[in-house]
């Protein structure tokens, strides 16, 4: 595809302090790929090179295993039952859980690395290996992960190939360790999982940087445009092309074809999941249907004339579902071919003809430009024909069908969230559709379709939900700020000190998928709460979309109410799954820009800094995928804690701290060299909460860091106490652990905190000036 | 298969070891035999009549209560004292044989669960099944929990409340 002209909205200089930024950027611009720079101890770390750091983390945050399955069925010795016994290969239950977690992280990392490799190769093919990596004048540290882990600054697209090759090499070793008869220690499996997660982070940075620079996506633009979100924004009278997945290239091909042929007003191009976010970063005329939870409902609605699938998180029965709605399917990547004939080299009009005449069930087209042309042409032919079709039963038909329900209750039992599907059907049989409406709103039913599979009367329950939603919730029109990509260096300079000292109480990142226990509204409400409390709120992927699907009393979404600045009360949509790299990237930049820690080959010092001083916390309330496992594990290695929702307990492993074990929290003050008593801050590295009410104070608590100033600690404790009291009605019983001396006590809660401190026999303690895990035993 | 002993969410079946189906009488025998039992109450019974019955069970045998999720506030408002932990936190402590228990007298040897979110409770029970041979688990929910050592069957509300009443009854 042709390079787009540079969007002048990228120029932030008009709103920033030019003088200071230029001076600092010029000073620092020294480390180029291939150029010699002072190198830290671990450039391009191999699987075992950061093991000592991992063991420090794992000593403090011991793995907590919750086996999802008692058995191992990976080799023909088995199945082996590992309940209180070892398997035929000698593996025990703990090591097996850790092995499966490593496997999950490897799958997730491979998904992102495969995605990034595809983008890099494709974009180099289109733009050349020498195409410069330029994120604009406000971003000098363009690739903090690459700089830290590779020890080099990437200058051009071709440099990214070296990075992704390194990731692929590490992945071979990590996957190899999962083979029977390799690793036998649960802790070493965990160290490898942490390495895999870090490779995932690196691969995501490669993927996002490649697409940002080559496709001219917003480059850290806090004023990235608001784009339309929601089923109600799609004009179903026009031909509709739906993109599902994560890879922007097919969607970009469609937008380009529309622009080149002057048809941009004639078609609707929309997306579900991260493909939606990335296509709108490429071209803000595209629309976002919503998160993954919309997938089956939207396909069943029949609105889409053509479905273009790329990779990751797409329903594997998408072809069957689409064919049921007389909708054409185009598969576009090697990751998902769906058994379709490869039409990549066929003449475009021939493919169109075959698709519209149903000579083929769908087409595999591994050429995004051709995808653009075929999908548009097919949609234009199919749309008028499909207009006459009826895709969903009418309400009176639903009522009639619902009366066949035997009330066996199995729909409720197989629902991942035990939602009252049976009660909705019974009510519908009496003409009351309100319970279906409740299931539809905020995707409380996220349309996995398990209930339908189980129904002994074969009732099309997802059709029921979709129809009722369509009938009663017509105005699903929201907005989301287009993913802006990385945080600007000038923003880091602005917030570095208040964040590290605690004046800004923390950065909360709402990331991940839509496997929510009770709909997406909870995520939006969490984001709102922390925005109002002056935190920096960042978002990516389905989490970012769920936040956009919520309106206040005045009918405004949070993106309309809060700025896109990376600052207190800023709501920053960074972009898609791959953009999660900019969250750890921002923390790394704080260590580098604010604290002057060198990056190149210097992982451990940076991670130690983040763990002890940067109050950031990830929230993946609906995490479901292996990619989410890799993302969470990756940020954990950088020292960033994560809270996941109740379904996250099925990942089998958490990293939990033990606040009751004082010795686990020893730290070294690098300023004095003294080893001293610390505090459980952050208390856990990855924690699964049962309810939102439990998660809120936990999120606030996990932003506490040993480095907080007294003022910063007061602010953080004030939020923790306030949220805990709201949801639990009392003062947090562990507040004494986080009060170092009288100055830490929030003024508004002074008396009750002092009473509690007295009750538990609290004593003030010394505050470290430079808290660190480095230099403790074993170093 | 008897539907009462198919796990409420059937796919939580983890392997060959399944919970023993118990009646209130058997549950009582387990409690009587235990030296340091503990009750873990989750948010599914917030504002439910089962809260009062749990409180009576706790009083009858002097069993401490741990609340998980956001159950603490609801229990407190119902006049039931409890100590709040995250579900994963209390399970993490319980699996450590050296932990001193909520009363500081030693880890518990029997843990009764009720009202924890089903699939998450199932995961916690799996942890204890695999890594806490020093204790037994018993679930008092209206759902059969295959990962527990012993569980009430799947029941409708009416029968379940009768089970709890029986267990709470002072002889």
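The values are calculated or read from the model by the stated rules, or taken from the named source; none is laboratory data. Note that the structure is predicted; figures quoted are calculated from it, not measured. FYI the Cβ positions are ideal-geometry reconstructions off the backbone, even for glycines, and counts take in every protein chain you see.
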Looking at the structure I just gave you, is residue B:49 over 30 Å from residue A:730 (Cα atoms), surrounded by fewer than 19 Cβ atoms within 10 Å (Cβ to Cβ) and touching a helix residue (DSSP H, G or I) at 6+ places or on another chain (Cβ under 8 Å)? no
If residue B:124 meets every condition in (1) within 25 Å of residue B:52 (Cβ to Cβ); (2) at the interface with chain A (Cβ under 9 Å from one of its Cβ atoms); (3) in contact (Cβ under 8 Å) with a residue 60 or more places away in the chain apart from one, which number is that one? (3)
Checking the conditions here, which among A:764, A:733, A:771, A:746 is surrounded by fewer than 18 Cβ atoms within 10 Å (Cβ to Cβ), outside the structural domain of residue A:646 (by TED's automatic domain parsing) and within 34 Å of the chain's Cα centre (by Cα)? A:733
So for the stretch A:90-103 (the condition being buried (at least 23 other Cβ atoms within 10 Å of the Cβ), under 30 Å from residue A:144 (Cβ atoms), touching a strand residue (DSSP E or B) at 6+ places or on another chain (Cβ under 8 Å) and not assigned by TED's automatic domain parsing to the domain that holds residue A:632), does at least one residue qualify? yes
Quick check on my filter: what residues within the stretch A:58-77 are at the interface with chain B (Cβ under 7 Å from one of its Cβ atoms), in contact with a helix residue (DSSP H, G or I) (Cβ under 8 Å, 6 or more places away or on another chain) and outside any loop (DSSP other than H, G, I, E, B)? A:64, A:65
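Condition check ((1) outside any helix (DSSP H, G or I); (2) within 14 Å of chain B (Cβ to nearest Cβ); (3) at pLDDT 95 or above) across all residues:
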{"site": "A:723", "(1), (2), (3)": "no, yes, yes"}
{"site": "A:730", "(1), (2), (3)": "yes, yes, yes"}
{"site": "A:733", "(1), (2), (3)": "yes, yes, yes"}
{"site": "A:736", "(1), (2), (3)": "no, no, yes"}
{"site": "A:743", "(1), (2), (3)": "no, no, yes"}
Residue B:54 being at pLDDT 95 or above, under 17 Å from residue B:149 (Cβ atoms) and part of a helix (DSSP H, G or I): no
For the condition buried (at least 18 other Cβ atoms within 10 Å of the Cβ) and under 30 Å from residue A:50 (Cα atoms), what is the one hit in A:717, A:776, A:702, A:723? A:702
Restricting to the stretch B:143-158, name every residue that is surrounded by fewer than 24 Cβ atoms within 10 Å (Cβ to Cβ), in contact (Cβ under 8 Å) with a residue 12 or more places away in the chain and away from chain A (no Cβ under 11 Å). B:149, B:150, B:153, B:155, B:157
Hand me the list of strands (runs of 3 or more DSSP E) wholly inside the stretch A:639-700 holding 2 or more residues that are at pLDDT 95 or above, within 8 Å of chain B (Cβ to nearest Cβ) and within 21 Å of the chain's Cα centre (by Cα). A:686-688
Looking at (1) within 14 Å of another protein chain (Cβ to nearest Cβ); (2) closer than 30 Å to residue A:241 by Cβ, which is the only condition residue A:395 fails? (1)
Would a scan of the stretch A:130-141 turn up a residue that is in the same structural domain as residue A:46 (by TED's automatic domain parsing), touching a helix residue (DSSP H, G or I) at 6+ places or on another chain (Cβ under 9 Å), part of a helix (DSSP H, G or I) and touching a residue at least 24 places away in the same chain (Cβ under 8 Å)? no
All positions within the stretch A:414-426 that are free of Cβ contacts under 8 Å to residues at least 24 places away in the same chain and in a helix (DSSP H, G or I): A:422, A:423
Sort out which residues of the stretch B:1-32 are assigned to a helix (DSSP H, G or I), more than 14 Å from chain A (Cβ to nearest Cβ) and touching a strand residue (DSSP E or B) at 6+ places or on another chain (Cβ under 8 Å), and write them in order of number. B:26, B:27, B:30, B:31
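Looking at the stretch A:78-102, which of the residues that are assigned to a helix (DSSP H, G or I) and in contact with a helix residue (DSSP H, G or I) (Cβ under 8 Å, 6 or more places away or on another chain) is nearest to the other protein chains (Cβ to nearest Cβ)?
Residues of the stretch A:78-102 assigned to a helix (DSSP H, G or I): A:93-102.
Filter again for in contact with a helix residue (DSSP H, G or I) (Cβ under 8 Å, 6 or more places away or on another chain), leaving A:93-95, A:97-99, A:101-102.
Values: A:93: 5, A:94: 7, A:95: 12, A:97: 8, A:98: 13, A:99: 14, A:101: 14, A:102: 18 Å.
In this case the residue turns out to be A:93.
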Against the conditions (1) in a helix (DSSP H, G or I); (2) within 14 Å of chain B (Cβ to nearest Cβ); (3) within 21 Å of residue A:472 (Cβ to Cβ), where does residue A:453 fall short? Just the number, please. (3)
Considering the stretch B:81-120, residues that are farther than 15 Å from residue B:64 by Cβ and in contact with a strand residue (DSSP E or B) (Cβ under 6 Å, 6 or more places away or on another chain), and then whichever is farthest from the other protein chains (Cβ to nearest Cβ), we arrive at B:115
